[in-house]
Amino acid sequence: MRWLVVAFLWGIALAQKPQVLIGTGGVGGVYFYYGTAVAELFNKAGVVQAQAMQSGGSIENLMLLRDRTDPAKGVYYCGTVLPDAALMAYQGEERFQGKPAPVRILFTMYPNYFHVVTTEDSGIRVLQDLRGKRVSTEVAGGIIEYEARTLMGAAIPGFDPKVHFAKWERVRVAESAQMLSEGNLDAFFWSGGLPTGSILELAGSLARKGKRLFLVPLLKESTPVQVLMRRFPGVVDTGVIPKGIYNTRYDTPTLTFWNAFVCPASLPEETAYAMVKAVFENLQSLYAAVAPARDTTLENAVRSRGGRVPYHEGAVRYFRERGVWR
């Protein structure tokens with residue numbers, strides 16, 4: 001009888017734990033594996049009932065956070081997002097026009113690097129060379145597509161993908177990589193951590209065929225890059241994809257964005273605190289699971305605090321205790 005009582009009380013305790021659903025991205029991208037690893041840390045620590053879910057990426061994750069979170073039922077949608085998407089959502093811009101998302105940052109994760117992926121024999125060397133090519137801009141309505149169209153609009157006046165691309169695809173990174181490998185696509189846009197698994201596999205597949213991956217350089221002084229940086233001041237930066245990452249012939253200058261793990265403002269402070277603690281007291285497990293997570297450190301976790309999107313008060317309390325929030 002005693003064990004039945006214990007089991008009953010344990011069941012009540014589980015039922016009372018907040019349920020956290022983590023929007024990630026498509027299989028083949030870092031978001032999916034990172035979100036899955038973080039969910040495992042939450043569950044192992046026993047702070048919430050967490051589940052990672054495949055999604056369309058940043059925009060969809062923020063919409064789920066806004067529209068599906070239900071504090072009355074203890075259900076909270078969190079997610080991995082790009083900082084420009086978080087800013088759009090917080091300020092009620094673009095697809096969030098008239099209905100901002102109550103987004104709060106739990107911690108900054110790692111930098112995304114913008115990839116314009118093609119092959120050396122494609123003849124594509126600058127964005128303008130994508131005219132008349134078969135190109136994928138990632139998931140329809142996603143932030144990567146928005147970034148791609150902004151860049152292309154600055155490169156080609158009056159840009160319209162239906163007009164200027166010979167074929168316009170809007171598929172996930174894994175499918176884009178497969179299509180390019182099979183010769184059914186000339187190039188695709190992507191934003192992800194280093195390395196992104198699907199692109200690493202693509203580089204290997206091309207090498208076996210005697211071909212080589214090429215990443216279109218995005219120079220800081222170029223008009224497209226300057227346009228995007230002005231659109232998101234303080235959010236977009238520049239960096240380099242080293243040639244050793246995908247065995248390209250050259251280092252590739254490009255855009256960088258520091259990803260954030262976000263939650264709704266309604267997430268209880270104690271829960272947010274416990275979630276952040278579960279991650280930062282188990283970083284080695286996260287590093288072992290996801291290579292780009294090596295940039296998830298206490299110091300980097302607070303690097304977005306000067307931006308317009310606020311941190312959750314539970315996260316701030318934890319970072320103050322650790323001495324990195326001053």
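Can you name every residue in the range 306-326 that is more than 20 Å from Ala278 (Cα to Cα) and touching a residue at least 60 places away in the same chain (Cβ under 8 Å)?
Across the range 306-326, the qualifying residues are Gly306, Gly307, Arg308, Val309, Pro310.
Among the listed residues Val316, Val324, identify the single one that is modelled with pLDDT of 95 or more and either surrounded by 20 or more Cβ atoms within 10 Å (Cβ to Cβ) or closer than 29 Å to Glu93 by Cα (or both).
Matching residue, one of Val316, Val324: Val316.
How do the pairs read when you match residues in the range 229-252 that are within 16 Å of Glu120 (Cβ to Cβ) and aromatic (Phe, Trp, Tyr) with residues anywhere that are surrounded by 14 or more Cβ atoms within 10 Å (Cβ to Cβ) and at pLDDT below 95, using Cβ under 7 Å and keeping only pairs 6 or more apart or on different chains?
These pairs meet every condition: Tyr246/Pro195.
Report whether or not Ser266 is modelled with pLDDT under 95, among the hydroxyl-bearing types (Ser, Thr, Tyr) and assigned by TED's automatic domain parsing to the domain that holds Asp84.
no
Take the conditions assigned by TED's automatic domain parsing to the domain that holds Thr271, at pLDDT 95 or above and surrounded by fewer than 21 Cβ atoms within 10 Å (Cβ to Cβ) and apply them to Gln128. Does it pass?
So Gln128 fails the test.
So which of Ser136, Ser122 is of a type outside the set (Lys, Arg), surrounded by fewer than 24 Cβ atoms within 10 Å (Cβ to Cβ) and within 23 Å of Gly197 (Cα to Cα)?
The match here is Ser122.
For the range 279-297, does any single residue satisfy the condition of being of a type in the set (Asp, Glu), over 18 Å from the mean Cα position of the chain (by Cα), in the same structural domain as Asp67 (by TED's automatic domain parsing) and at pLDDT 95 or above?
Yes: the range 279-297 contains one or more residues that are of a type in the set (Asp, Glu), over 18 Å from the mean Cα position of the chain (by Cα), in the same structural domain as Asp67 (by TED's automatic domain parsing) and at pLDDT 95 or above.
When you look at Asp84, is it outside any strand (DSSP E or B), more than 21 Å from Ala52 (Cα to Cα), touching a residue at least 60 places away in the same chain (Cβ under 8 Å) and touching a Phe, Trp or Tyr at 6+ places or on another chain (Cβ under 8 Å), yes or no?
Yes.
Quick one: which residue in Ala207, Ala203, Ala187 is under 17 Å from Pro292 (Cβ atoms), at pLDDT 95 or above and not charged (D, E, K, R)?
Residue meeting the stated conditions: Ala203.
Select from the range 207-245 the residues that are out of contact with any strand residue (DSSP E or B) (no Cβ under 6 Å at 6 or more places or on another chain) and small (Gly, Ala, Ser) and write down the one among them that is nearest to Thr150 (Cα to Cα).
Among them, the one singled out is Ser222.
In this structure, does Ile105 turn out to be over 13 Å from the mean Cα position of the chain (by Cα), β-branched (Val, Ile, Thr) and outside the structural domain of Glu169 (by TED's automatic domain parsing)?
yes
Is there a residue in the range 65-77 that is among the acidic types (Asp, Glu), farther than 23 Å from Val235 by Cβ and modelled with pLDDT of 95 or more?
yes
Pick from Gly29, Gly57: which is at pLDDT below 95, farther than 24 Å from Gly307 by Cα, crowded, with 24+ Cβ neighbours inside 10 Å and under 15 Å from the mean Cα position of the chain (by Cα)?
Only one candidate qualifies: Gly29.
Which condition does Ile59 not pass, out of (1) touching a residue at least 24 places away in the same chain (Cβ under 8 Å); (2) in a helix (DSSP H, G or I); (3) out of contact with any Gly (no Cβ under 6 Å at 6 or more places or on another chain); (4) closer than 27 Å to Gly141 by Cα, if it passes all the others?
For Ile59, the failing item is (3).
The values are calculated or read from the model by the stated rules, or taken from the named source; none is laboratory data. Quantities reported herein were computed from a predicted structural model and do not represent experimental measurements. Cβ atoms come from the backbone with ideal geometry, glycine included; neighbour counts cover every protein chain shown.
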